[in-house]
Amino acid sequence: MWRRRETYALIAGDCIAINLAWMLYYLLRVQSGLFALSRHDMMGFTYQITPMAAVYGYWFIVFMIYGLYRPWYQASHFDEFSTVFKAITAGTLILFALSTLLEPPESRQPIYYLMFFYWAFVVICVFSMRSALRMLQRRLFDAGIGTRPSIVIGTTDEAAELLKSIRESRNIGLNILGFVSCGIMPVNGELGVPYLGEAGQLGGIIEKFNVKEVVVALDSSQHQTLLDIISQMSIVNSNTRVKIKPDLYDVISGQARISQVHGVPLIDVSPRLMQPWEETMKRAIDIAVALLILIVGFPFWLILSFLIVMTSRGGLFYKQQRVGRDGKVFQIIKFRSMINDAEVAGPQWAQKNDPRVTPIGKILRRSHLDEIPQLINVLSGEMSLVGPRPERPFFANQLEKDIPYYRRRLLVRPGITGWYQVRTDKYDENIDDVKQRVKFDFYYIENMSLRLDLKIIFSTVYVMLRGKGQA
């Protein structure tokens, strides 16, 4: 509830700040007498309300893309404001480029001066408003309002060190309810917080105390214990977040986002991978892009289909069972790029220069055009444009035994393309390759955002145009 209110407060604050910046810009441009006026400027301020609302809508989208409405209590001031600065700078350049193109030549002003002043107004107003909201939040935390019920789990020595850091860091927003041990039980009063039980009782403790944050304090050698805790948290409570001391970053490299929680550096393993509005936007983008590609490219897909059928024996499509979100099995659809009955002997790993690939299949694979029919899976909701690649049940079962936290990949829809696909052109040839890919998948999962999705989509288009996929 409080996290939602924080987001609403940010949106309202930015709305006030951006509209204030527009009014200051209007006073400078129209009322100062320093610039020639256009016909629209001479109509008065009441005629500025519609463009002012449109401009705010534009900034709202820009800020969403830059992730500025994600939960921000864990971000350091520098991280938050550097992101705001980059978003405003990029947004201002795009906004003025568009206004220059749309404005008649005879009405154009000295654009660079105006752009600088508008940029400065937005930066000052947004920075000031967000600073005021930060200050208000700190005051509320001091009064115990909006803090999140939290527990520390781990070894006594590591927990004592972490609790000391938390106590020394004001306004962290964590209300530490007690300690859960992974081993030796602490002496009464040793940690200064109540002892709540052992790690095996974690699920019951979270439910009993309605815990929202679990802070893990373990020795750097306790890798398996850490993985067990993360696995439990994926099942126990989807609304509980996990934070880990950063000296264990090498254990789960690539699957977490490091954050500075008001001076206490922690690794944030988020159970809610995207906010509801982000999930809605992501799904809307999936549907819009899938329809656009299928409809606009329809004549080309017909020609491609004809070539596939005429150049090798077999059907047009290749269908295969894959494991999707929440472990549900579905049929993936691809243009056939291999000979008929390529896996008559059973499931096999793809290979470099695989002899089963047809001549036109090599072209399809290098350009990734064999993936196009998966847009049907996207429209049906089984897949997304961007996400971890779906695995076959045969290999998924094997990987789940070898990689303890593998099922975490199933929290999101699988994707046609992903972080791994744009970072390497290598196919999975063995279990070690998949383990490496899983690290990339976890990086994406723990850093999911519309901005990262757009970056991956544009990178995928670049890879397709270069034809650097594996044949």
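Details
- For SER380 and LEU291, the difference between the fully extended length at 0.36 nm per residue and the C-alpha to C-alpha distance is 30.9 nm.
- Approximate shape of the range 121-163 as ellipsoid semi-axes (Cα gyration tensor, √5λ), whole Å, largest first: 34, 14, 8
- Spacing of the modelled spin labels on VAL309 and LEU411, each 7 Å from Cα toward Cβ, amounts to 4.4 nm.
- Neighbour net charge for GLU382 - beta-carbon separation under 9 angstrom, K R +1, D E -1: +4
- Charged neighbours of ILE285, selected by a Cβ distance under 14 Å, balance to +1 (K, R count +1; D, E count -1).
- Förster radius 60 Å - calculated FRET efficiency between GLN320 and SER131, Cβ distance, rounded to 0.05: 0.65
- When MET281, MET274 are compared by accessible area at a 1.4 angstrom probe, the order from most to least is MET281, MET274.
- Here the simple spin-label model places points 7 Å from the Cα toward Cβ, and for LEU452 and ASN210 these points are separated by 3.1 nm.
- Accessible surface ranking for PHE141, PHE440, PHE209, PHE116, 1.4 angstrom probe, highest first: PHE116, PHE209, PHE440, PHE141.
- Heavy-atom accessible area ranking, 1.4 Å probe, most first, across GLU207, GLU80: GLU207, GLU80
- Extended-chain gain in nm, criterion 0.36 nm per residue less alpha-carbon gap, GLU161 and TRP277: 38.0 nm
- Separation of the TYR8 and ALA54 label points, Cα + 7 Å toward Cβ, nm: 3.0
- The calculated FRET efficiency for GLN201 paired with LEU93, based on their beta-carbon distance and R0 = 51 Å, is about 0.40.
The values are calculated or read from the model by the stated rules, or taken from the named source; none is laboratory data. Quick caveat: nothing in here was measured; it's all calculated off a predicted structure. Every residue, glycine as well, gets a Cβ built from its backbone with ideal geometry; the counts of neighbours run over all protein chains shown. The accessibility values were calculated without ligands, DNA or RNA, using every heavy atom of the protein model including side chains. Shrake-Rupley method; radii C 1.70, N 1.55, O 1.52, S 1.80 Å.
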